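The values are calculated or read from the model by the stated rules, or taken from the named source; none is laboratory data. Not measured: the values here are computed from a predicted model. Here Cβ is always computed from backbone atoms with ideal geometry, including for glycine, and neighbour counts include all displayed protein chains.
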Amino acid sequence: MNKNNNHTITISIIGSRGYPIVYSGYETFIKEVAERLVASDIKVRVYCHKNLFKDRPKKINGIELVYIPTIETKILSQFVHSFFSMLHACFSNSDIILAVNAANGPWGLISKIFQKKTAINVDGMEWLRPKWRGLGARYFKMAAWLATRLYDCIITDAEAMRQVYLEEFNTDSTVIAYGANIKYSENQSLITNLGLITQDYYLIVGRLIPDNNADLIVAGYLASNSGKKLVIVGDVPYQDQYAEAMKANASENIVFLGYVTDQNVLAELYHHCYAYIHGHEFGGTNPTMLKAMAYGCAIIALNTVFNQEMLQEGKFGQFFEKTPASVALSLQQAEQPHNCMAKLRSNARNGLTNKYNWDEVSNAYIKVFKELLINGKPQIT
């Protein structure tokens, strides 16, 4: 994509841990989209947390990498990193700066001063998450509001999140979802090595934080008297009372695997579970549930507007309410004769419409970039 005949567009991406590491949905998003942008003749610069990279090549897969140091604390690390990344990007030859995470809303003031075109993927409703009660919640609400005032384009990842920004901040947004890559089982022995049997366990994948509701699911699982195991993948990278209380439930039937960094093992855990249980509450399009769909899981999800949108009002999954009794009932029904789990597994990948295709996602971002350069604002349809 050329701004003119002699100038290739440069996009700078700030707000993630970097490339090519994959810790979360943001890094997955950046890997998938940035590589496709490069393939479309767009220059891409990704800002990386310097301390996370032992080796620091200047370029990988055609993507320019800039390593910025930061203050290594749980609360300030990303905040400070994004500030210096935005400064660097504004002093560079960037044509457009793409930020991820509404927490970076205030840094739009810097790009305004430098008259750089900007877009921000605001992700979920951070201000409602239990871990940010008090001052943290007020900051995230303020940052999201500032993002709507300081950035040229607001990108939400679900229609339901678009409605949140309309109601909360009176601001419309461009909806571009995340994507997923369809995958099939390749090595069943990887779960056998963990002492697991195909379709003999439920699976949870996610950080052990309150808004993912793993405690609720565990309580419901215990109340259901299920004959299947419950396998939990995920943890938190710090000492945490909630996470420790969760892990105290470990038993022969409740298995905590912690972080599973081998993506092949993680894929097989998805492929062979009886059902994937999704308790995430405050996000939009959730990458973990997209992966469950792409890997062919039957899905039982918390009943939220975001999960309803992803599972198309129950066409590609079932729902439980936010009580242990509802979780227990859902699991009991899932284990009844003539249940629909096999049908959900066989149909799951069909839920990944073009909306969740990485090529389509990337093309949507390219369209936004073009409109920003030509018109100064994207056309919201």
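Check ALA301 against each of (1) in contact (Cβ under 8 Å) with a residue 60 or more places away in the chain; (2) closer than 30 Å to SER173 by Cα; (3) not in a loop (DSSP other than H, G, I, E, B) and name the one condition it does not meet. Unmet for ALA301, out of (1) in contact (Cβ under 8 Å) with a residue 60 or more places away in the chain; (2) closer than 30 Å to SER173 by Cα; (3) not in a loop (DSSP other than H, G, I, E, B): (1).
Looking only at residues of region 223-260 that are surrounded by fewer than 15 Cβ atoms within 10 Å (Cβ to Cβ) and polar (S, T, N, Q), we find that the one that is modelled with the lowest pLDDT is GLN239. Filtering region 169-196 to residues that are crowded, with 19+ Cβ neighbours inside 10 Å, assigned to a loop (DSSP other than H, G, I, E, B) and either within 18 Å of the chain's Cα centre (by Cα) or not aliphatic (A, V, I, L, M) (or both) leaves SER173, ILE176, ALA177, TYR178, GLY179, ALA180. For beta carbons closer than 7 Å, sequence separation of 6+ or different chains, a first residue in region 259-275 that is touching a residue at least 40 places away in the same chain (Cβ under 8 Å) and a second that is surrounded by 20 or more Cβ atoms within 10 Å (Cβ to Cβ) and of a type in the set (Lys, Arg), the qualifying pairs are TYR270/LYS291.
Yes/no per residue for (1) modelled with pLDDT under 95; (2) surrounded by fewer than 22 Cβ atoms within 10 Å (Cβ to Cβ); (3) out of contact with any Cys (no Cβ under 9 Å at 6 or more places or on another chain):
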{"site": "ARG36", "(1), (2), (3)": "no, yes, yes"}
{"site": "ASP55", "(1), (2), (3)": "yes, yes, yes"}
{"site": "LEU65", "(1), (2), (3)": "no, yes, no"}
{"site": "LEU76", "(1), (2), (3)": "yes, yes, yes"}
{"site": "MET86", "(1), (2), (3)": "no, no, yes"}
{"site": "SER94", "(1), (2), (3)": "no, no, yes"}
{"site": "ALA119", "(1), (2), (3)": "no, no, no"}
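Consider region 134-163 and keep the residues that are farther than 20 Å from ALA99 by Cβ and within 21 Å of the chain's Cα centre (by Cα). The one that is surrounded by the fewest Cβ atoms within 10 Å (Cβ to Cβ) is GLN163. Among the residues making up region 319-370, those that are within 22 Å of the chain's Cα centre (by Cα) and among the polar types (S, T, N, Q) are ASN350, THR353, ASN354, ASN357, SER362, ASN363.
Could you list, in sequence order, all residues of region 319-331 that are in a helix (DSSP H, G or I) and closer than 13 Å to HIS278 by Cα? Listed by number, the residues that qualify are VAL327, SER330, LEU331. Picking from residues in region 330-351 that are surrounded by fewer than 18 Cβ atoms within 10 Å (Cβ to Cβ) and touching a residue at least 60 places away in the same chain (Cβ under 8 Å), the one that is nearest to ASP41 (Cα to Cα) is ARG349. What tally of residues in region 33-53 results from selecting those that are farther than 23 Å from ASN181 by Cα, assigned to a helix (DSSP H, G or I) and more than 21 Å from the chain's Cα centre (by Cα)? Adding up the residues that qualify gives 2. With respect to PHE316, is the statement that it is among the aromatic types (Phe, Trp, Tyr) and not in a helix (DSSP H, G or I) true? So PHE316 fits the description; yes.
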